[in-house]
Amino acid sequence: MLGEVMEWLVVEPDDFIVDMTLGGGGYSRAILDELGKEGKLVSFDRDIEAVERARGLFSDEPRLTIHHAPFSQSAEFIALHSPVGHDGAVFDLGVSSHQLDEAERGFSFQQDGPLDMRMNPDSDAESAADFVNNRSVQELTEIFRDFGEERKARAVARAIEKRRETQPYTRTLDLAQTIESVVGRPRPSKFKKAKHPATRCFQALRIAVNQELDELRIGLDNALNTARPGARVAVVSYHSLEDRIVKNYFRDKAGRCHCPRHQPVCTCGAKAEINILTKKAVKPSEQEVEENRRSRSAVLRVVEKI
Ligand SMILES: C[S@@+](CC[C@H](N)C(=O)[O-])C[C@H]1O[C@@H](n2cnc3c(N)ncnc32)[C@H](O)[C@@H]1O
């Protein structure tokens, strides 16, 4: 979605832009290409490996400052760089290809690795193994159901509970096998490539381990509260839970009234802080989906601060 994001962000040479999700630095590189000598880019990532790689990659780039911080803590940093706010911010949510492909990070159900899934492996936060070995059946059911929309959430949680009594989970493939034994393999179809049966539960665990949805709500607040009038905020999401949060958040900030439908006068105090620029979510082109299968679920929404 890089092309679409850059079209909507409209970067001017002297702008101060914020990349909330640095990752491999593709978006940051494209933004720097649009900025002039006086322009400034501040990029965040909570993953120290991504930050260190990017610091090497951009070592000769004085216009860029990289912070190792979650975007829930970005507001103070942004204010330090400019008290009047930024001219544009972008979120490219979720995990990077690098995180997914690196078995040692523990995100993959296709390659064996330690069951970790923390985007910031340096933190003291619970890993995915801590979650599956210690959380109750009820808690695991809610995680798989609410964050993964897995229909067999309770059965998966029960199977995990039974198996961990004799041997706690430490590896990704081990967990993927338990999930597959409950969810089963989908029947092959000529038209659609089948999803791996562990896809939904792995997504759910990743969201829980990294508190991704809370991060997103606070990150969006930070991006809007530190935006100058006219600044644009672009968000690329990769699953319906994320996109629903982004869509509803933007609708509320665009002044959606929460009064009962038949009340003649609004009393909830709804006030528009933004204009929604993408009336419909923007999807990747067919060509991009062909070239990069991971982009098939991407959805872009863009707003402008009033
Ligand atoms: C999809 S990748 C971004 C890819 C990037 N746009 C590029 O061009 O390479 C998402 C990145 O955001 C980071 N990330 C996810 N949630 C974050 C958060 N709450 N705070 C900071 N970084 C986060 C991940 O660690 C990952 O590196």
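The values are calculated or read from the model by the stated rules, or taken from the named source; none is laboratory data. Quick caveat, the model's predicted, so the values are computed rather than measured. Quick reminder, even Gly has a Cβ in these numbers, built from the backbone with ideal geometry, and neighbours come from all protein chains shown. Accessible surface is based on the protein model in full, side chains and every heavy atom, while ligands, DNA and RNA are left aside. Shrake-Rupley method; radii C 1.70, N 1.55, O 1.52, S 1.80 Å.
Could you give the size of the charge dipole of region 256-297 about its Cα centre, using +1 on the Cβ of each K and R and -1 on the Cβ of each D and E, expressed in debye and rounded to the nearest 20?
Rounded to the nearest 20 debye, it is 260 debye.
Please identify every one of the trypsin sites (Lys or Arg not before Pro) in region 175-271 that sits in a loop by DSSP and has no more than 16 other beta carbons within 10 Å of its own beta carbon.
Lys190, Lys192, Lys193, Lys195, Arg256, Arg261, Lys271
Taking a 1.4 Å probe, which of Cys201, Cys259, Cys266 shows the most accessible area, and what order do the others take after it?
Cys266, Cys259, Cys201
Quick query: amide H of Arg171 versus all other amide H atoms, modeled in the peptide plane; which residues come in under 5 Å with a sequence gap of 5 or more or a different chain?
The answer is Leu115.
Given a 1.4 angstrom probe, I'd like the percentage of the accessible area of region 126-209 that is carbon and sulfur, rounded to a whole number.
Whole-percent figure for carbon plus sulfur exposure: 47.
Given a Förster radius of 25 Å and the C-beta distance between Gln73 and Glu273 as r, what FRET efficiency does 1/(1 + (r/R0)^6) yield to the nearest 0.05?
Efficiency at R0 = 25 Å is approximately 0.70.
Normalised by the number of residues in region 148-225, what is the relative contact order in percent for Cα pairs under 8 Å and 6+ residues apart?
So the answer I get is 32 percent.
Go through Thr141, Ala194, Gln167 and say which Cα lies farthest out towards the positive end of the charge dipole of region 126-209; charges sit on Cβ, +1 for Lys and Arg, -1 for Asp and Glu.
Among Thr141, Ala194, Gln167, the one farthest towards the positive end of the dipole of region 126-209 is Ala194.
Return one whole number: the accessible area per residue of the chain in Å², for a 1.4 Å probe.
52 Å²
Using a 1.4 angstrom probe and counting only protein chains, how large is the accessible area of Thr199 in Å², to 10?
Approximately 40 Å² of Thr199 is accessible to the 1.4 Å probe.
Report relative contact order for the chain in percent, whole number only (criteria: Cα-Cα under 8 Å, sequence separation at least 6). Don't skip to the answer; put the middle values down first.
Working: 521 pairs, mean separation 54.5, N = 306.
That works out to 18 percent.
How high is the FRET efficiency between Asp33 and His196 when r is their beta carbon distance and R₀ equals 41 Å, given to the nearest 0.05?
The pair Asp33/His196 has a calculated efficiency of 0.65.
State to the nearest 20 debye the size of the charge dipole of region 92-232 about its Cα centre, where the only charges are +1 on K and R beta carbons and -1 on D and E beta carbons.
1040 debye
Suppose accessible area is computed on protein heavy atoms with a 1.4 Å probe; arrange Lys162, Lys283 from highest to lowest.
So the residues, ranked largest to smallest area, are Lys162, Lys283.
For the chain, give the share of DSSP beta bridges that are antiparallel, in percent and rounded to the nearest 5; count only bridges with both residues there.
Details: 11 of 29 bridges.
Given both bridge residues lie in the chain, the antiparallel proportion sits at roughly 40 percent.
Carbon and sulfur atoms: what percent of the 1.4 Å accessible area of region 30-83 do they account for? The partial results should precede the final answer.
Values: 1370 of 2720 Å².
Its accessible area is 50 percent carbon and sulfur atoms.
Name the shape class, rounded, prolate or oblate, that the alpha-carbon gyration tensor gives for the chain, where a ≥ b ≥ c are the square roots of its eigenvalues, rounded holds for a/c under 1.5, and otherwise prolate holds if a/b is larger than b/c and oblate otherwise.
Because a/c hits 1.5 or more and a/b exceeds b/c, the chain counts as prolate.
Under a 1.4 angstrom probe, counting protein chains only, how are Val84, Val299 ranked by accessible area, largest first?
Val84, Val299
Does region 93-216 come out rounded, prolate or oblate, given a ≥ b ≥ c as the square roots of the eigenvalues of its C-alpha gyration tensor, rounded meaning a/c under 1.5 and, failing that, prolate meaning a/b above b/c?
Details: a/c = 1.40, a/b = 1.11, b/c = 1.26.
Verdict is rounded for region 93-216.
Can you give the charge dipole size of region 126-209 about its Cα centre, rounded to the nearest 20 debye, using +1 on the beta carbon of Lys and Arg and -1 on the beta carbon of Asp and Glu? List each step's numbers first, then the result.
Details: 18 positive and 11 negative charges, 142 e Å.
With only Lys, Arg, Asp and Glu charged at Cβ, the dipole is about 680 debye.
Report the extension gain between Val84 and Gln167 in nm, rounded to one decimal, defined as 0.36 nm multiplied by the number of residues separating them, less their alpha carbon distance. Mind showing how you got there, number by number?
Details: separation 83, 0.36 × 83 = 29.88 nm, distance 5.52 nm.
That pair, Val84 and Gln167, stretches by 24.4 nm at full extension.
Loop-only chymotrypsin sites (Phe, Trp or Tyr not before Pro) in region 228-262, please: DSSP not H, G, I, E or B, and at most 11 other Cβ atoms within 10 Å.
Answer by residue number: there is no such site.
Fully extended, how many nm does the chain gain between Asn225 and Glu104 (0.36 nm per residue separation, minus their Cα-Cα distance)?
Numbers: separation 121, 0.36 × 121 = 43.56 nm, distance 3.67 nm.
Result for the pair: 39.9 nm of gain on full extension.
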